[in-house]
1. Please determine, by comparing only the residues of the stretch 4-28 that are closer than 15 Å to Leu67 by Cα and in contact with a helix residue (DSSP H, G or I) (Cβ under 7 Å, 6 or more places away or on another chain), which one is surrounded by the most Cβ atoms within 10 Å (Cβ to Cβ).
2. Considering only residues that are under 18 Å from the mean Cα position of the chain (by Cα) and either closer than 23 Å to Trp15 by Cβ or exposed (fewer than 12 other Cβ atoms within 10 Å of the Cβ) (or both), which ones fall in the stretch 88-103?
3. Which is surrounded by 10 or more Cβ atoms within 10 Å (Cβ to Cβ), part of a helix (DSSP H, G or I) and either in the same structural domain as Tyr41 (by TED's automatic domain parsing) or at pLDDT 85 or above (or both), of Leu73, Leu137, Leu80, Leu122?
4. Within the stretch 29-63, track down each residue that is under 14 Å from Ser76 (Cβ atoms), hydrophobic (A, V, I, L, M, F, W, C) and in contact with a helix residue (DSSP H, G or I) (Cβ under 6 Å, 6 or more places away or on another chain).
5. Just to be sure I understand the filter: pairs with C-beta atoms under 7 Å, separated by 6 or more residues or on different chains, first member in the stretch 85-97 and hydroxyl-bearing (Ser, Thr, Tyr), second member modelled with pLDDT under 85. Which pairs pass?
Amino acid sequence: MFMMSVSQFIILGGWLLQGNFSIRLRQAFSNKAVWILCSVYVLHLIGLIYSADYAYAFKDLRVKLPLLLLPVLFASSTPLTNRQLNILLTVFISATFISTFISYLIYLDVIHKPFGIFGIFLFSFLIFDYHYLYVSLSIQHCGC
């Protein structure tokens, strides 16, 4: 989860470095898909009416804030070239394969989970201890 937050801040930083905010925001909000994706967050805002626990509701809205921001950032950013997209997909597929393979070796007790600082580093950057649904979704995306 830590790396997901860091990567979102890197995306935001890259977007801020590109400049031309007003032009890019107009470009993003002229895209119907952005409005549809942002409406998911608006539905959560409307759901506050029925909430009895506002502390949890506001925490939930904070966690779901990327549902509002990421579509705008992606729609208003410079699109990737085919070469960049191929590199990105190759890295994603390779990382998913390697982490799945290492997780399988840990499951079979061929290798042992590393502990200490090195173990914390590995488990925060790789998907060993993620829920099996996240891992299976990553593997499924590699097959698309």
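1. Ala28
2. Selection gives Leu88, Leu89, Thr90, Val91, Phe92, Ser94.
3. Details: Leu137 fails: either in the same structural domain as Tyr41 (by TED's automatic domain parsing) or at pLDDT 85 or above (or both); Leu80 fails: part of a helix (DSSP H, G or I); Leu122 fails: either in the same structural domain as Tyr41 (by TED's automatic domain parsing) or at pLDDT 85 or above (or both).
Checking each option against the conditions leaves just Leu73.
4. Listed by number, the residues that qualify are Val34, Leu37, Cys38.
5. The qualifying pairs are Thr96/Ser138; Thr96/Ile139; Thr96/Cys142.
The values are calculated or read from the model by the stated rules, or taken from the named source; none is laboratory data. Quick caveat, the model's predicted, so the values are computed rather than measured. Neighbour counts run over all protein chains shown; Cβ positions are idealised from the backbone, glycine included.
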